[in-house]
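Engineer: Structure incoming, see below.
The values are calculated or read from the model by the stated rules, or taken from the named source; none is laboratory data. Small disclaimer: the values here were computed from a predicted structure and weren't measured. Don't worry about glycine lacking a Cβ; one is built from the backbone with ideal geometry, like all the others, and counts go over all protein chains shown.
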Amino acid sequence: LASIGIDVGGTKIGGVVLEGETIGSRNRVNTDNGTSDSVIDGLIGVAEKMTAEVQSKGLQIESIGIGVAGFIDFQRGSVTESPNLPLVDLPLRDIMEKRFETTVVVDNDANAAALGEALLGAGKGSDYVVHLTLGTGIGGGIVIGGRLLRGCVGTAGEPGHMVICEEGPRCTCGGRGCLEAMAGGWAITARVRELSRKGVASPMLEEFRKDPERFSARNIGMHADGGDRFALSILKDAGRHLGVGIASLVNIFNPDVVTLSGGLMGSFEHMRESMLISFEAQSIAASRKSVQIVASTLGDDAGPVGAALLPSAPGLIQRIE
Ligand SMILES: [Zn+2]
């Protein structure tokens, strides 16, 4: 038996075939973001390729799990909406079950990545795992005893929208001062824009002014590596906010492990020290002593691997009837 897991993101659709706990093969295409149909066609293409690979090995497909960047109605298996994909009220589970005649489970991409990291990545062997994806935004999930904490309508586990500073900058969710608005990739890039407006001069600001549109958090990391003091200060602040966020999560969930992944991990060495200082200051001693904060071991595979595990790992709570 083999299960297929597919991660549908704004730029890439990545799939894996999972044979037991082993990745049998991988498949990746760029997302054609034009229309809902073009996204579905890309997804079906990846699923068909993986199905053919499984069958050529003489194996049977047990299920297909799909993680989608967006808000998911887990009960109905549909995508309510997505900030990065042109999908609205799309009954994705039904479409895929009809097409592939197998069990299909659809969930949020960050939940899927959390499940993958908890069961087969850096959280393997731990019962209480909090996972954070530090990218343009900040996503994540909470896995307890191998089960995702989904909440009553499936929207639990949004650590990026945990409030760090109630009078902080406006967030994409409509709130203020969320962890994502303080330490996410888009938020720290916005700090550079503010500095530019103030007329600050440094190698980083010089690069920013040449092409503000293409300047991203990755550029901040590169300038921090080069010693730019503004880049270092922005990442130090982001690390401090991240430490506060992790402390809150540790105080609430008392996890064995907090796993970190995502593009910002490339700059993590510039955030680590300030993160640890604020984490120490804000966390409950007993919980702090029992937790490890570690980097993801699955990396880009966490999303598709976790998606493949979705059908066999039910949620902790969906709705208590
Ligand atoms: Zn928010």
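Engineer: With (1) modelled with pLDDT under 95; (2) away from the ligand (no atom under 16 Å from the Cβ) as the list, and G239 as the residue in question, which single condition is left unmet?
Structural biologist: Every listed condition holds for G239 apart from (1).
Engineer: Further question on the same structure: If you take the residues of region 1-59 that are among the polar types (S, T, N, Q) and part of a loop (DSSP other than H, G, I, E, B), which of them is nearest to the chain's Cα centre (by Cα)?
Structural biologist: So, considering only residues that are among the polar types (S, T, N, Q) and part of a loop (DSSP other than H, G, I, E, B), the one nearest to the chain's Cα centre (by Cα) is T11.
Table: residues versus (1) surrounded by fewer than 17 Cβ atoms within 10 Å (Cβ to Cβ); (2) away from the ligand (no atom under 14 Å from the Cβ); (3) of a type in the set (D, E); (4) under 23 Å from S290 (Cα atoms).
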{"site": "L85", "(1), (2), (3), (4)": "no, yes, no, no"}
{"site": "D89", "(1), (2), (3), (4)": "yes, yes, yes, no"}
{"site": "D94", "(1), (2), (3), (4)": "yes, yes, yes, no"}
{"site": "F100", "(1), (2), (3), (4)": "no, yes, no, no"}
{"site": "L120", "(1), (2), (3), (4)": "no, yes, no, yes"}
{"site": "V129", "(1), (2), (3), (4)": "no, yes, no, yes"}
{"site": "G135", "(1), (2), (3), (4)": "no, yes, no, no"}
{"site": "G139", "(1), (2), (3), (4)": "no, no, no, no"}
{"site": "L149", "(1), (2), (3), (4)": "no, yes, no, yes"}
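Engineer: Are there any helices (runs of 4 or more DSSP H) wholly within region 121-224 with 3 or more residues that are over 23 Å from G9 (Cα atoms) and touching a residue at least 12 places away in the same chain (Cβ under 8 Å), and if so which?
Structural biologist: Fully inside region 121-224 and qualifying: 185-197, 203-210.
Engineer: While we're on this one: Taking the stated definitions as given, is E167 away from the ligand (no atom under 13 Å from the Cβ) and modelled with pLDDT of 95 or more?
Structural biologist: Considered against the rule, which asks whether it is away from the ligand (no atom under 13 Å from the Cβ) and modelled with pLDDT of 95 or more, E167 comes out as yes.
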